[in-house]
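Step one of this worksheet: look at the structure below.
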Amino acid sequence: MTSRSFAVHLNGAPQQLQGEETLPLLQALRDCGLTGTRFGCGAAQCGACHVLVDGVSLPACDTPLWAVEGKQLLTVEGLGTPAALHPLQQAFLDEQAAQCGYCLSGILITASALLARQPQPSEDQVRQALDGHLCRCGSHNRMVRAVLRAAAVMAAAGNPA
């Protein structure tokens, strides 16, 4: 196979990702300098590598480049900025929901997808959405509280995800 360019819309801007058709999206993102998306298991089982593809949280470790051509991609780098954190990022800080942080980028991405489709989720809905994400630090309860806090803040601001 030969390397080629794949046109995507990445974190709000047009981008060309380079690689073979079967190159995992995770590797292409890291090759272009976006290192927030983590490699965890490499088998789409841990959630560390999740990114949004047209609003759906997907594992980037087993999503080939050909499958994202022409699509909208959002990584954790596109959620907010250091000067203007996304409400989820602020809530995770406020709830002290991160320990080592390795799983956090995938969890934030999946939580943002949940809030986009369900702006006021129940605790059970949050737990179900995050069920496929492994956190070896045991921070899941704080993460659930953080997602619920972000939902409340966003609703109060009139800002659905």
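Before moving on, here are some points about what is shown:
- Ranking of 9, 140, 133, 50 by count of other Cβ atoms within 10 Å, fewest first: 9, 140, 133, 50
- Summary of packing: across the peptides 16-26, 103-113, the per-residue average of other C-beta atoms within 10 Å ranks them, highest first, as 103-113, 16-26.
- In plain terms, the chain from residue 84 to residue 120 could stretch by 10.7 nm, reckoned as 0.36 nm per residue minus the Cα-Cα distance.
- Fraction of the pair-distance distribution of segment 4-78 above 19 Å, Cα-Cα pairs, percent: 20
- Among 14, 121, 82, the residue with the largest mean-square fluctuation in a Gaussian network model of the chain, with springs joining Cα atoms closer than 10 Å, is 82.
Bear in mind that the values in this text are calculations on the coordinates, not laboratory data. Just so we're clear, the structure is a prediction, and the values are computed from it rather than from any experiment. When we count neighbours, we look across all protein chains shown, and the Cβ atoms used for this are built from the backbone with ideal geometry, even at glycine.
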